[in-house]
Amino acid sequence: MIRFPENFYWGAATSSYQVEGGCANADWRAWEPKAGKQQSGAACRHYELYEQDFDLARGLNHNAHRLSIEWSRVEPREGEFSQKELQHYIDVVKALRSRGMEPMVTLHHFVNPVWFSESGTWGKPSCVKRFVRYCEAVVEALSPHVRFWFTINEPTVYFSHSFFWGLWPPQEKSFARMRAVHDNMNQAHIEAYRLIHQIYKNANLPKPSVGIAQHMQAVVACDRSFRNRLAAWLRDYWYNLEVLDYLARHKTLDFIGINYYQRHLVHVRRWDIGDLFQQVCQDNHHPLPKNSLGWGIYPEGLEQVLLSVKKYHLPVLISENGICTDDDNQRWEFIQSHLRHVHQAMEQGVNVIGYLYWSLLDNFEWTEGFTPRFGLIDVDFASQARRVRGSAEKFAGICRTGVLA
Ligand code: FCB
């Protein structure tokens with residue numbers, strides 16, 4: 001039997017664009033028809049149905065919930081803040097509080113307003129000022145109700161997918177541009193961090209906890225060769241730790257959010273700089289069970305990444321961990337096995353303060369559309385009916401007791 005601490009945060013995570021629907025001023029929305037992918041459309045209509053969804057989460061004994069603010073709603077045109085939309089998010093976080101759930105709020109989760117993207121996006125140094133101005137409006141409005149803030153979700157995934165690999169809007173493929181975005185996002189976090197603390201101080205509110213959600217893969221060398229071990233070390237630094245190192249050095253992390261999904265099995269065939277950074281094993285060495293998107297399920301990897309952030313001596317929140325699958329038993333297995341490794345990391349001294357499953361609802365999975373089913377709650381996208389899955393009920397038992405049998 002495994003027992004988690006009493007004050008542990010248990011819950012699930014979502015992001016605005018993936019669940020709300022109708023994000024008319026978002027750059028992703030404008031890009032979807034051009035990309036020829038499935039469109040997010042009404043998504044889960046969570047914008048209207050949030051109270052019903054939070055009732056379900058409460059019924060599942062969640063005591064925390066991570067959500068994101070849709071910048072393109074709050075500031076649909078540059079410098080014009082919508083009081084109506086700010087009020088909407090005040091209502092959302094109050095709806096969580098009134099159900100006994102701790103709201104954990106992300107300010108940027110991959111999506112920008114169209115005006116921001118069209119005027120230089122994250123590549124232009126003025127983006128820092130723009131982002132911080134938006135943060136100020138949101139934090140001023142929500143600070144009485146919120147203690148946990150994530151400035152940016154998965155910066156490394158965002159800048160590499162959007163500016164280097166050309167997979168997400170604006171589909172650029174430039175190393176220099178990616179590095180500029182990397183630098184600007186670091187700076188944006190630092191300034192937002194300081195601003196958030198200042199706002200709480202001015203209002204005499206208790207100190208907030210501000211961090212980022214960092215995507216971490218368990219980087220594993222396929223064999224013990226020097227080349228593979230070197231590549232694994234480089235990638236671990238580059239994908240997982242570089243941003244955290246920088247922000248921790250600047251003392252602008254109160255906690256670390258970790259989003260963990262899969263293993264990254266390093267196998268480099270020749271000495272080539274591109275291969276060193278990206279080639280993975282193609283030979284099915286060390287095979288793993290997979291989720292419905294083909295990601296290798298590797299619960300021990302969560303322990304590995306948790307141990308790798310122990311050196312920062314900061315509280316750690318599992319801000320996302322989940323599986324897309326059509327087999328709900330596999331989801332329950334996934335949750336239990338990952339929690340066992342979370343607990344093992346805690347026994348080795350990592351201060352984990354909570355676990356948020358991705359996601360509360362089946363939702364819009366970016367370029368993969370609506371097919372992958374990550375939810376604790378099944379969504380019928382035609383009728384918008386919700387159905388709580390068996391795995392969610394079982395997870396609810398852990399959320400209630402803190403005990404994993
Ligand atoms: C993470 C994203 C989240 C979701 C999951 C499956 O990288 O933060 O929005 O798409 O993957």
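So, R0 is 25 Å and r is the distance between the beta-carbons of ALA35 and GLU393; what FRET efficiency does that work out to, to 0.05?
Working: r = 37 Å, r/R0 = 1.48.
Rounded to the nearest 0.05, the efficiency is 0.10.
How big is the charge dipole of region 47-109 about its Cα centre, in debye rounded to the nearest 20, if each Lys and Arg gets +1 on its Cβ and each Asp and Glu gets -1 on its Cβ? Don't skip to the end; give the middle numbers.
Working: 8 positive and 11 negative charges, 50 e Å.
In total the dipole reaches around 240 debye.
Stretched out fully, how many nm does the piece from GLU347 to ARG194 gain, at 0.36 nm a residue minus the Cα gap? Write down the numbers at each step before the final one.
Details: separation 153, 0.36 × 153 = 55.08 nm, distance 3.26 nm.
Working it through step by step, the gained length comes to 51.8 nm.
Using the Karplus equation 6.51 cos²θ - 1.76 cosθ + 1.60 (θ = phi - 60°), what ³J(HN,Hα) coupling, rounded to whole Hz, does each residue of region 289-300 give in order, writing x for Gly and Pro?
Result, rounded to whole Hz: x, 10, 7, 6, 9, x, 7, x, 7, 8, x, 5.
Sorting check: for 15-21, 295-301, 396-402, 379-385, which peptide has the highest mean count of neighbouring beta carbons within 10 Å, and how do the rest follow?
Values: 15-21: 25.3, 295-301: 19.9, 396-402: 16.0, 379-385: 12.6.
So the peptides 15-21, 295-301, 396-402, 379-385, ranked by packing, come out 15-21, 295-301, 396-402, 379-385.
If Rh is defined by the Kirkwood formula over all Cα pairs and Rg also comes from Cα, what ratio Rg/Rh do you get for region 148-259? Don't jump to the answer; show the numbers that get you there.
Numbers: Rg = 16.2 Å, Rh = 15.4 Å.
Result: Rg/Rh = 1.06.
For region 118-175, what percent of Cα pairs sit more than 16 Å apart?
Numbers: 920 of 1653 pairs.
Value for region 118-175 (Cα pairs over 16 Å): 56 percent.
Quick one: work out the % antiparallel among DSSP beta bridges in the chain, nearest 5. Before the final figure, lay out the partial values.
Details: 10 of 48 bridges.
DSSP beta bridges in the chain are roughly 20 percent antiparallel.
Mind checking which of TYR47, ALA30, GLN18 is farthest towards the positive end of region 1-54's charge dipole, using Cβ charges of +1 (Lys, Arg) and -1 (Asp, Glu) about the Cα centre?
ALA30
Report the gain in length on full extension from ASN204 to LYS94: 0.36 nm times residue separation, minus Cα-Cα distance, nm rounded to one decimal. Display every interim value, and only then the final one.
Details: separation 110, 0.36 × 110 = 39.60 nm, distance 1.96 nm.
Additional length available on full extension: 37.6 nm.
Report the net charge of residues surrounding ALA26, where surrounding means a beta-carbon distance below 15 angstrom and charges are Lys +1, Arg +1, Asp -1, Glu -1.
Values: positive: ARG29, LYS34, LYS37, ARG73, ARG77; negative: GLU20, ASP27, GLU32, GLU70, GLU75, GLU78, GLU85, GLU118.
Summing Lys and Arg as +1 and Asp and Glu as -1 gives -3.
Using 0.36 nm per residue, how much length does the chain from GLU118 to ARG224 gain when fully extended, once their Cα-Cα distance is taken away?
Result for the pair: 33.5 nm of gain on full extension.
For the chain, list log₁₀ I(q)/I(0) at each q in 0.08, 0.09 Å⁻¹, using the Debye formula over Cα point scatterers of equal strength and ignoring solvent, two decimals each.
Debye curve over Cα of the chain, log10 I(q)/I(0) at q = 0.08, 0.09 Å⁻¹: -0.39, -0.51.
Classify region 207-305: rounded, prolate or oblate, from the alpha-carbon gyration tensor (a ≥ b ≥ c, eigenvalue square roots; a/c under 1.5 rounded; otherwise prolate if a/b is larger than b/c)?
On the way: a/c = 2.89, a/b = 1.55, b/c = 1.86.
Judged from the Cα gyration tensor, region 207-305 comes out oblate (a/c at least 1.5, b/c at or above a/b).
For region 66-116, would you read off the P(r) tail past 18 Å as a percentage of all alpha carbon pairs?
35
Any idea what the dipole of region 178-274 comes to, in debye rounded to 20, about its Cα centre with Lys/Arg Cβ at +1 and Asp/Glu Cβ at -1? Don't jump to the answer; show the numbers that get you there.
Details: 13 positive and 8 negative charges, 45 e Å.
That gives region 178-274 a dipole magnitude of about 220 debye.
Taking the dipole about the Cα centre of region 35-124, with the C-beta of Lys and Arg at +1 and of Asp and Glu at -1, give me whichever of TRP122, LEU96, ASN63 is farthest to the positive side.
Checked the options; the winner is ASN63.
Taking a temperature of 25 °C and a viscosity of 0.890 mPa s, what whole-number D in µm²/s does Stokes-Einstein yield for region 297-337 with Rh from Kirkwood over alpha carbon pairs?
On the way: Rh = 11.7 Å.
D, rounded to a whole number, is 210 µm²/s.
Which order do peptides 75-84, 324-333 fall in by mean Cβ count within 10 Å, highest first? Display every interim value, and only then the final one.
Details: 75-84: 13.7, 324-333: 17.2.
Ranked from most to least packed, the peptides come out as 324-333, 75-84.
Run through region 91-179 and list the trypsin sites (Lys or Arg not before Pro) located in a DSSP loop whose Cβ has at most 14 other Cβ atoms within 10 Å.
Working: sites: LYS94, ARG97, ARG99, LYS129, ARG130, ARG133, ARG147, LYS173, ARG177, ARG179; in loops: ARG99, ARG147, LYS173.
Answer by residue number: LYS173.
So what's the net charge close to LEU247: Lys and Arg +1, Asp and Glu -1, counting the other residues with Cβ under 13 Å from its Cβ? Mind dumping the intermediate values first?
Numbers: positive: ARG194, ARG249, LYS251; negative: ASP183, GLU191, GLU242, ASP245, ASP254.
Counting the neighbours of LEU247, the net charge comes to -2.
I'd like the FRET efficiency for THR371 and LYS129, computed as 1/(1 + (r/R0)^6) with the beta carbon distance as r and R0 of 30 Å, rounded to 0.05. Write down the numbers at each step before the final one.
Values: r = 39 Å, r/R0 = 1.30.
With a Förster radius of 30 Å, E is 0.15.
Which of ALA213, LEU253, TRP295 sits closest to the plus end of the dipole of region 151-308, meaning its Cα is farthest towards the positive end, when Lys and Arg get +1 and Asp and Glu get -1 on the C-beta?
Result: LEU253.
Each reported figure results from applying straightforward, stated rules to the coordinates on display, with no laboratory input. In this text, all values refer to a predicted model and were calculated from it rather than measured experimentally. For neighbour counting, all protein chains shown are included, and Cβ atoms are generated from backbone atoms with ideal geometry for every residue, glycine included.
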